[in-house]
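The values are calculated or read from the model by the stated rules, or taken from the named source; none is laboratory data. These numbers come from a predicted model, not from an experiment. As a convention, Cβ positions derive from the backbone with ideal geometry for all residues, glycine included, and neighbour counts pool all protein chains shown. Heavy atoms of the whole protein, side chains included, go into the accessibility calculation; ligands, DNA and RNA do not. Shrake-Rupley method; radii C 1.70, N 1.55, O 1.52, S 1.80 Å.
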Amino acid sequence: MNEIAQDLNNKIQQENPYVYELLSTLGKELYYPKGILTQTAEAKQKAYRFNATIGIATEKDRPMFLPLIQETLADYDPKDLYPYAPPAGKPELRKLWREKMIIENPSLTNKSFSYPIVTNALTHGLSIIADLFIDENDPLVLPDKLWGNYTFIFGIRRGAKNISFPFYTEEGTFNTKGMKEALLSKKDHGKAILLLNFPNNPTGYTPTEQEATDIVEALKEVAEQGMNLVVISDDAYFGLFYENTIKESLFGRVANIHPRILAIKVDGATKEDYMWGFRVGFITFGSEFPAVLDGLEKKTQGILRGTISSASHPAQTFVLNTIRSTEFQAQKQEKFEVLKKRAFKVKQILDQGDFADAWDYYPFNSGYFMCLKLKGINAEALRIHLLEKYGVGVISLGEGDIRVAFSCVEEDELKDLYDLIYQGFKDLSGQNS
């Protein structure tokens, strides 16, 4: 094992052996090399005459660029577009995103957590976490209502064993008891990775204040029974809280609650700030131990160096300038209100009872999506029928659930959408024959 990796491991182990035990074999071997990038960073600070370390071309102390490109980006300084960004991301963006997190997550006040590390959006961030903490057959505990890509990221890539529990109780609330039982079912393994996604994809559900309190208490109880936990908050749809929900990430409530629990937040500007194609995400670690935070950051930079090297500099600049703008909050609130009205419109449509013979709907209060629980017909058959006969696209989940993204349907067209889904249901159930 590389001596730098061993040194990081020793420091993590000395401050918190539980986090060291959570690391995968790959995670223990990772480090940030003292190679070209380290030397370049040192030269950037000290080489005041000539800096012949950077692997880019320059002219007149500026990055070399094509005028035909710069003409379309005239409001930006070339230095904020063309050079490589640091592996962990633009320092000013990391600082600003951390400040934004504290404002939006009051539970983080006075807690210890890292500066966010920039990733190539959330999927990349989740894959880094998988590399750091999952070995083959390590348990990944998650609800049965989930984003399908988790299977590829954690299962196919790293060999995690999915341990699922029902998302909802019979009363339509988050199933904290099921979560706790699923975790404790792997107590003999010694560690587990818990993945929670709120607002949830596909259900559009976020826990209430009481449910969030119960979740945190359950995690503490599991840790007190000797299990080491990585608790991942996938906050892709963060901020889109419409009704009686917590108004912050669970990350803020889970961070620092127990030495055996490592909280990780994965988020980004992609969905919460309507910048999907920009592919700017973040990983943030929550730990009260400075050496743990430092070691995990360096190991994460090692993965970044060995995969994408660094995320897009122009995209980071665009995100940074957007968040700094005095118009940012007002414009973001305007989009929030549009989505909130659509969610309320969906409930109004469904609560009229016109479709009661075809489906029930799962509770939802946030995010982009909601789910229908079909009665007596196959979800995939309905999906294909809707697509082929009515030109309507929905997502089938398992045997009997349909996910509908109200985020991409105008409010005044939502009734037509559900009417067509209902028409397709009647076609397949024989009501139109």
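Overview of results
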| item | result |
| --- | --- |
| GluC sites (Glu not before Pro) restricted to region 62-171 and DSSP loop, no more than 16 other C-beta within 10 Å | GLU136, GLU170, GLU171 |
| Label-zone membership for region 112-147, site ILE103, 7 angstrom Cα→C-beta point, backbone N under 19 Å | 115-117 |
| Shape category assigned to the chain from the gyration tensor of Cα positions, a/c cut at 1.5 | oblate |
| Carbon and sulfur %, accessible surface of the chain computed with the full protein complex present, 1.4 Å | 50 |
| Check: the chain dipole with +1 on Lys, Arg Cβ and -1 on Asp, Glu Cβ, in debye | 1260 |
| Point-to-point label distance, ASP419-THR25, nm (Cα→Cβ direction, 7 Å offset) | 6.0 |
| Mean-position separation - Cα centroids, region 71-133 and region 271-289, in angstrom | 6 |
| Mean Cα-pair separation over length for the chain, i.e. relative contact order, pairs under 8 Å, 6 or more apart, % | 18 |
| Relative contact order computed over region 347-402 (Cα-Cα under 8 Å; 6+ residues apart), in percent | 30 |
| Principal-axis tilt of helix 121-133 within the chain, Cα atoms, nearest 10 degrees | 70 |
| Computed E for ASP75/GLU288 - FRET, C-beta separation, R0 45 angstrom, nearest 0.05 | 0.60 |
| Magnitude of the charge dipole, region 324-433, Cβ model with Lys/Arg +1 and Asp/Glu -1, debye to 20 | 360 |
| FRET efficiency estimate (nearest 0.05) - Cβ-Cβ, THR151 to ASP188, R0 25 angstrom | 0.55 |
| Normalised contact order of region 283-433, rounded percent, pairs of Cα under 8 Å and 6 or more residues apart | 19 |
| Computed helical MRE - 222 nm, the chain, DSSP H runs ≥ 4 contributing -39500 (n - 2.57), nearest 500 | -12000 deg cm²/dmol |
| Cα gyration tensor category, rounded, prolate or oblate, for region 135-218 with a/c compared to 1.5 | oblate |
| Cβ crowding within 10 Å averaged over residues, with 402-413, 123-134 ranked highest first | 123-134, 402-413 |
| Under 19 Å from the Cα of LYS79 - aspartates and glutamates, other chains or at least 8 residues apart | GLU42, GLU59, ASP61, GLU71, GLU92 |
| Partners for LYS335 among lysines (Cα-Cα distance below 20 Å; same-chain residues under 8 apart left out) | LYS100, LYS247, LYS271, LYS345, LYS347 |
| Highest average packing first - 386-394, 266-274, Cβ atoms within 10 Å | 266-274, 386-394 |
| Qualifying aspartates and glutamates (Cα of each under 13 Å from Cα of LYS340; at least 8 residues distant if same chain) | GLU243, GLU410, GLU411 |
| Considering only the chain, percent of DSSP beta bridges that pair antiparallel, nearest 5 | 55 |
| Listed residue (LEU146, ILE103, THR119) projecting farthest to the positive dipole end of region 87-154, Cβ model | ILE103 |
